[in-house]
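The values are calculated or read from the model by the stated rules, or taken from the named source; none is laboratory data. What you see is a predicted model; the values in this text were computed from it and never measured. Every residue, glycine as well, gets a Cβ built from its backbone with ideal geometry; the counts of neighbours run over all protein chains shown.
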């Protein structure tokens, strides 16, 4: 095989890889933006606001330690959703039935049903469901962040491959057509 043929093949391969990395980066960037904006839009529609600093401090250090930074803000990001779910809702759920989960409390309530037990059961169900939905928003927010970094890496690799491809093209043009491998 002639060296120029190999060089041309490598230039085409580098060009194809550059295009593939650009397409992958564009797809990742679209996915990151779509996911991030979906999380923000859906959380904004719920109109959840963090309490002010005084109210958070009144909740105690287990709440205020994590939520003071968001005091008075609307819950709009996955990170905020995680903080609210784990350090506000979970704290209140733990206080309802001494830290029992909905499944544990429901089983106990089924064995000895009372009006108070059913009310607690309902609160635990609603709180657990809300917490789970907020943690899903956090998960998707994290996926959006990972996709954004992956898009940046893909664009950086595409640029690197473009440089290598252009150097290979220059080498192809300057190479001796008589050399064989």
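Miscellaneous remarks
- Region 29-58, subset touching a helix residue (DSSP H, G or I) at 6+ places or on another chain (Cβ under 8 Å) and outside any helix (DSSP H, G or I), residue nearest to residue 136 (Cα to Cα): 48
- Unmet criterion (only one of (1) in contact with a strand residue (DSSP E or B) (Cβ under 9 Å, 6 or more places away or on another chain); (2) on the phi < 0 side of the Ramachandran plot; (3) surrounded by fewer than 13 Cβ atoms within 10 Å (Cβ to Cβ)) for residue 41: (1)
- Every pair of residues 6+ apart whose Cβ atoms lie under 7 Å, when the first sits in region 64-80 and is at positive phi and free of Cβ contacts under 8 Å to residues at least 12 places away in the same chain while the second is surrounded by fewer than 22 Cβ atoms within 10 Å (Cβ to Cβ) and not in a loop (DSSP other than H, G, I, E, B): none
- Looking at 30, 34, just one residue is within 30 Å of residue 89 (Cα to Cα) and modelled with pLDDT of 95 or more, and that residue is 34.
- Unique residue being outside any loop (DSSP other than H, G, I, E, B), under 28 Å from residue 44 (Cβ atoms) and at pLDDT below 90 when the list is 107, 79, 62: 62
- Checking residue 81 against (1) surrounded by fewer than 16 Cβ atoms within 10 Å (Cβ to Cβ); (2) under 20 Å from the mean Cα position of the chain (by Cα), the condition it does not meet: (1)
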